[in-house]
Amino acid sequence: MESQEGSSGNVLRWENLDREVLSTILKKLDVVDVITGASRVCITWFLASHNKSLWNTIKLNDLDWGSFEDTYREKQRREILIEINKFGRTAPINFFFSVHCNVLEEDLAIISTGLPNIRKLALPTWRTLKLKSIQSAFSKWKNLQTLIIAQFMRSGGALNFEFRTIADNCRNLTTIKFTYILDKELAKIIVRKLPNVERLSFRCATICGVAVISLVIGLPNLKILNLSHCILTETRYCDRAADMKYKQELVKFGAEKLEKIIVCCSNCTICENVWKYTIVYRSPTPEYRSFWDKQWKTDEIEEFEF
Ligand SMILES: [Zn+2]
C-alpha cells in the first residue's frame with residue numbers, strides 16, 4: 001500500500017488513518033465500490049467499511065446495473081444484495097433501487113429479511129411480482145413511511161393489487177409517490193387503508209380527475225399533492241385527456257382543501273417528454289433511460305428526492 005510523508009518527516013500510512021476519518025472518506029464511494037473494492041484492501045479498510053454510518057442509505061445508482069432480462073447481472077445483483085445485508089446489518093433505513101433495475105421476488109426477499117428497518121424505499125417494477133412475495137417482503141417493513149413506486153411493465157395497467165397488499169402491511173406510510181396510473185380503484189385503496197397519508201405525488205403519471213377529487217375529500221391529513229407533468233383525464237377509465245378548464249377547476253378545488261397542490265406551467269418541456277417517452281417505452285433508447293433516471297430521483301416535494 002502506498003504511504004505519504006508528513007510535514008514532520010513521519011511516514012503516514014493509509015492503514016494507520018483514524019478509522020472514523022477513513023469511514024468518512026469511504027462514505028463518498030458507491031456502496032458497490034465499498035463492497036467489491038475498498039473493503040478488500042486491508043483489514044483496516046475492511047473494518048472501516050463496516051462503520052454503520054456508511055450504510056444508512058443504500059443507493060443503487062448505476063444505470064447499467066442489473067437491468068432487464070440479463071441473468072448474469074441478476075446473479076451479480078443478488079450477490080451484492082447479500083453483501084449489503086452483511087455489511088449494513090440493521091443500519092439501512094433508506095433503500096433506493098435504480099429505476100432500470102429489474103427487481104425480482106428473490107431480491108425483495110433478501111433485502112426485507114436482512115434489512116428490517118427500512119423507512120424509505122424506491123421500488124421500480126419491470127415485471128409482475130407475485131402477491132405472496134410482496135406480502136412476505138412488506139410484512140417485515142412495518143415502519144415504512146415513504147414509498148416511491150413506478151411501473152414500467154409492457155402490459156400497462158396499474159399496480160392496484162400489489163399496492164393493496166403493500167398498504168395492508170405498511171399502515172405507517174404517510175408519503176407516497178406513484179409513477180403509474182391513478183384510477184378510481186387506486187384512490188379507493190389509499191383512502192380506505194392509509195388515512196394518515198400526508199404527501200402524495202403522481203409526478204409524470206396518467207391521473208383520473210375523479211380519483212384526484214376522492215383523494216382530496218377522503219384523506220383528512222393530506223397536506224401536499226404533486227400533480228406536476230401529469231396526463232390528466234376526465235373519465236374513470238383514463239382514456240380521454242381533460243381540457244384546460246377541467247384542469248383549472250380541479251386545481252382550484254384542491255387548493256381550497258390542501259396546504260399545497262403542485263402543477264406545472266403551460267409549455268413545460270418535461271410534460272412534452274413524458275408523452276414522448278411513455279409512447280416509446282417498449283424499446284428503451286439511451287435518451288429514454290436517461291430521462292426516467294432523472295425523473296425517478298426528482299420531485300417537487302423534497303421528501304421524494306434522493
Ligand atoms: Zn410539466
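Would you kindly calculate the translational diffusion coefficient of the chain, applying Stokes-Einstein with the Kirkwood radius from alpha carbon pairs, for 37 °C and a viscosity of 0.692 mPa s, and quote it in µm² s⁻¹ without decimals? It diffuses with D of about 157 µm²/s by this estimate.
I want to make sure I understand the PRE zone here: with the label point 7 angstrom from the Cα of residue 15 toward its beta carbon, which residues in the stretch 40-55 have backbone N atoms less than 20 Å away? Once the point is set 7 Å along Cα→Cβ of residue 15, 40-51 turn out to lie under 20 Å by backbone N, inside the stretch 40-55. Spin-label model, residue 82/residue 28: points 7 Å from Cα along the beta carbon direction are separated by 3.2 nm.
Using only side-chain charges placed at the Cβ, +1 for Lys and Arg and -1 for Asp and Glu, the dipole size of the stretch 59-298 relative to its Cα centre rounds to 620 debye.
Computed over the Cα atoms of the stretch 184-306, pair by distinct pair, the Kirkwood hydrodynamic radius stands at 15.2 angstrom.
Which of the peptides 292-299, 263-270 is most tightly packed, and how do the rest follow, judged by the mean count of other Cβ atoms within 10 Å per residue? Spell out each step's value before the answer.
On the way: 292-299: 18.0, 263-270: 11.5.
Highest mean packing first, the order is 292-299, 263-270.
Helical runs (DSSP H, four residues minimum) scored at -39500 (n - 2.57) apiece and divided by the length of the chain put the mean residue ellipticity at 222 nm at -12000 deg cm²/dmol.
Extension gain for the segment residue 276 to residue 89, taken as residue separation times 0.36 nm less the Cα-Cα distance, is 63.1 nm to one decimal. Within 10 Å, at most 14 other Cβ atoms, and a DSSP state outside H, G, I, E, B define an exposed site. Report the longest part of the chain free of exposed GluC sites (Glu not before Pro). Within the chain, the longest run free of exposed GluC sites (Glu not before Pro) spans 70-258.
Every number here is computed from the coordinates shown, using simple stated rules; none is lab data. Quick caveat: nothing in here was measured; it's all calculated off a predicted structure. Positions of Cβ are generated from backbone atoms using ideal geometry, with glycine treated the same way; all protein chains shown enter the neighbour counts.
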